[in-house]
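What follows is a single structure, written as structure tokens, with notes after it.
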């Protein structure tokens, strides 16, 4: 499913974020930037240890902040490590919002036009998918409304149940911005 805000296409992808050939993929990180399980683990397994080594060398960072590393052996050029939680592995809506905005900021600083996000905070952080996608879409809407756009923003969703929730929220979001 996809829709457009100004010149930016926003769409879903069912599958592993590491399979995407985009300029940047976002890693749902902790503030120490260690890459253990979930999205981070998949990125490290597919892209190589050098991604984690480069990330850790830039940390620790504040929760809500983001840093950029190379993407190792991945199809993407860069990995944007968005700290959505601290060492307690807990997150909330404010942290997800800030991590989304700072990921967009880092992507823009690198001149990226295509970026893929996982559902920040919904794996290890156990934040509800429905709330996470609402928060992330609002952060993206505000970013684009303020004049900053991308060619394409993809939400990479790993399981069909979460994809259904995301696509329902896409429909609600489209109705609210066009109504």
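The values are calculated or read from the model by the stated rules, or taken from the named source; none is laboratory data. Not measured: the values here are computed from a predicted model. All Cβ positions, even for glycine, are placed from backbone atoms using ideal geometry, and neighbour counts span all protein chains on display.
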Sole miss for residue 51 among (1) touching a residue at least 12 places away in the same chain (Cβ under 8 Å); (2) closer than 17 Å to residue 120 by Cα is condition (2)
Provide a single number: the residues in the range 59-105 that are touching a helix residue (DSSP H, G or I) at 6+ places or on another chain (Cβ under 7 Å), more than 23 Å from residue 16 (Cβ to Cβ) and part of a helix (DSSP H, G or I).
3
Checking the conditions here, which among 39, 56 is over 23 Å from residue 151 (Cα atoms), at pLDDT below 95 and either out of contact with any helix residue (DSSP H, G or I) (no Cβ under 8 Å at 6 or more places or on another chain) or buried (at least 20 other Cβ atoms within 10 Å of the Cβ) (or both)?
39
For the range 116-154, name all the residues that are over 22 Å from residue 15 (Cα atoms) and either part of a helix (DSSP H, G or I) or at pLDDT 95 or above (or both).
138, 139, 141, 142, 143, 144, 145
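Go through the range 1-49 and tell me which strands (runs of 3 or more DSSP E), entirely inside it, have 3 or more residues that are over 20 Å from residue 105 (Cβ atoms).
On the way: elements: 2-5, 8-14, 24-30.
Answer list for the range 1-49: 2-5, 8-14.
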